[in-house]
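Engineer: Let me begin by handing over the structure; questions about it come next.
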Amino acid sequence: SELTETHQILYLSHTHAYSVSTPTLLESIQHVFIRKVAVNSGGKHCLALSSEGEVYSWGEAEDGKLGHGNRSPCDRPRVIESLRGVEVVDIAAGGAHSACITASGELFTWGKGRYGRLGHGDSEDQLKPKLVSQHTQNIVLLT
């Protein structure tokens, strides 16, 4: 994925069902000002962060890593509803999980919880973003 100068997303592989060989505009969010796109090296899911702090996800959802409360894949960007109203400032996409940081330094994670990778003190999968316990200090975003 890449951002154009006008902050539109051009995407090279929409889902695991098919792929495209030339950059293609994602029409469903073409009017959304995108600040950042996150994709892991396997490229099975993507996150996009809008200038207004909304998080969109799409792709393969086997581990709940899209954050929509289910394991159903999405073939186009969809807002993660449980993060509406939360001022998200950064996003990250792992192979089987996702994360975001808020303006106040809170960390939310979701997806496959195996080996405690989500930081919630267990190995449970999370199908929606879940706040990582405040036992840790607030996260500082380094740019």
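We did not get these values from a lab; they are worked out from the coordinates using the rules stated. Just so it is clear, the model here is predicted, and its values are computed rather than measured. Note that we place each Cβ from the backbone using ideal geometry, even for glycine, and neighbour counts take in every protein chain shown.
Engineer: Within region 38-67, find all residues whose amide N lies under 19 Å from a label point positioned 7 Å from the Cα of Glu27 along Cα-to-beta-carbon.
Structural biologist: 58-59
Engineer: Given R₀ = 30 Å, FRET efficiency for Asp122-Ala92 by Cβ-Cβ distance, to 0.05?
Structural biologist: 0.90
Engineer: When the dipole is taken about the Cα centre of region 33-131, and only Lys, Arg (+1) and Asp, Glu (-1) are charged at their Cβ, what size is it in debye, to the nearest 20?
Structural biologist: Charge dipole of region 33-131: 180 debye, to the nearest 20.
Engineer: Do any trypsin sites (Lys or Arg not before Pro) in region 34-143 lie in a DSSP loop with no more than 14 other beta carbon atoms within 10 Å, and if so, which?
Structural biologist: Passing sites in region 34-143 are Arg71, Arg84.
Engineer: Let me ask you something else. Taking H as built 1.01 Å from N, whose amide H comes closer than 5 Å to the amide H of Asp90, not counting residues under 5 places away?
Structural biologist: For Asp90, whose amide H was placed from the backbone, the distant partners under 5 Å are Ile101.
Engineer: Please state the relative contact order of region 33-131 as a whole percent: Cα pairs under 8 Å, 6+ residues apart?
Structural biologist: After rounding, I find 24 percent.
Engineer: If you don't mind, there's one more thing I want to ask. Quick one: compute the contact order of region 24-87, relative version, from alpha carbon pairs under 8 angstrom and 6+ residues apart, as a percent. Mind showing how you got there, number by number?
Structural biologist: Values: 108 pairs, mean separation 16.2, N = 64.
RCO, region 24-87: 25 percent.
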